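The values are calculated or read from the model by the stated rules, or taken from the named source; none is laboratory data. Just so we're clear, the structure is a prediction, and the values are computed from it rather than from any experiment. No Cβ is skipped: glycine too gets one built from the backbone with ideal geometry, and neighbour counts run over all protein chains shown. Just so you know, the surface numbers come from the protein's heavy atoms only, side chains and all, with ligands and any DNA or RNA stripped out. Shrake-Rupley method; radii C 1.70, N 1.55, O 1.52, S 1.80 Å.
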Amino acid sequence: MKPNQDYYAKLRAAWERMQADTVAGIRSGEVLALGFVVPRHVADAPALIPSDVWGGRIDWDGCKVSGSGLEFVSVRLIEPKAVDELLLPTGGDRSEPRPVGRPSVKSEVFAAYEALKAAGKVDFEAPMKRLYPEIRAYLCEAYPDRAGVFQDLSDETIRQVVSGSFKADRASKKQ
C-alpha cells in the first residue's frame, strides 16, 4: 500500500468507527436525534427520531435518515441535557423544575380509545390487546407530527391508560 492509501484507509476506518459509535449513542439514549418528518411543512417543529429508524438508511452528508417507514431530514444530534436549554424561554430562568422523563401521552391515548369506542371500532368481546394497534394507528393519523412517538408506544403504556375504562365498558356492554 502506498503512504497516501494507508492514510486514507485509516481515515475511512476512523469515520466508520465514529458513525457506529454515534448510532450506538443514539440507541442507548446518550445522544438524541431531532429531525423533520418528510414531507416537511413550514410550520413543522423538529421531532425526536425513534431509535429503530437508525437501522435503516443513513445519509451522513445529507443529514437524512430513513427506516421503519419514516424519513427525517435536517437531522441534528444533541445531548439530552440540551433539550431543556432548547425549550427554555429566551433570556429567562424557569422557576418550576421540568418533570424528568418523556412527556405524558396519557390524555392522547385515552382520547384515541374514546374516539374508537364512539366510532364503534372497539370489540369488547375480543381481548383488549387487539385494540393496541388501532390506538397507535389512530394516534399516528391524528398527530402526524408525533407519529414516531406514537408508533413506538409500548403495549404496557396503552394498557395502563385504557385498562380500567375498557373493563368497565366491557362489563356495561354485557349487562
Under the 7 Å Cα-to-Cβ spin-label approximation, ALA13 and PHE124 lie apart by a distance in nanometres of 6.7
Per residue, how much space in cubic angstrom lies within the convex hull of the C-alpha atoms of segment 101-175? 82
Lysines within cross-link reach of LYS81: Cα-Cα under 26 Å, excluding same-chain residues under 8 positions apart? LYS64, LYS106
Out of [x] 1.19; [y] 1.36; [z] 1.24, which label holds the value of Cα Rg over 2.2 N^0.38 Å that was computed here? [y]
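With a 1.4 Å probe and every protein chain kept in, tell me what percent of the accessible surface of segment 129-175 is carbon plus sulfur. Walk me through the intermediate numbers first.
Numbers: 1430 of 2930 Å².
So the carbon and sulfur contribution to the accessible surface is 49 percent.
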Ordering 46-55, 163-172 by per-residue average of other C-beta atoms within 10 angstrom, highest first, gives 46-55, 163-172
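For a protection proxy built on the mean count of beta-carbon atoms within 10 angstrom, sort 30-42, 10-22, 121-133, 65-77 highest first, please.
Per-residue Cβ counts within 10 Å, averaged per peptide and sorted highest first, yield 65-77, 30-42, 121-133, 10-22.
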Partner aspartates and glutamates whose C-alpha sits under 16 Å from that of LYS117, ignoring same-chain residues fewer than 8 away, are GLU108, GLU125, GLU134, ASP169
Nearest 10, in degrees from 0 to 90: the angle of helix 106-118 to the longest Cα principal axis of the chain is 50
Given a 1.4 Å probe, the accessible area of the chain per residue, as a whole number of Å², is 69
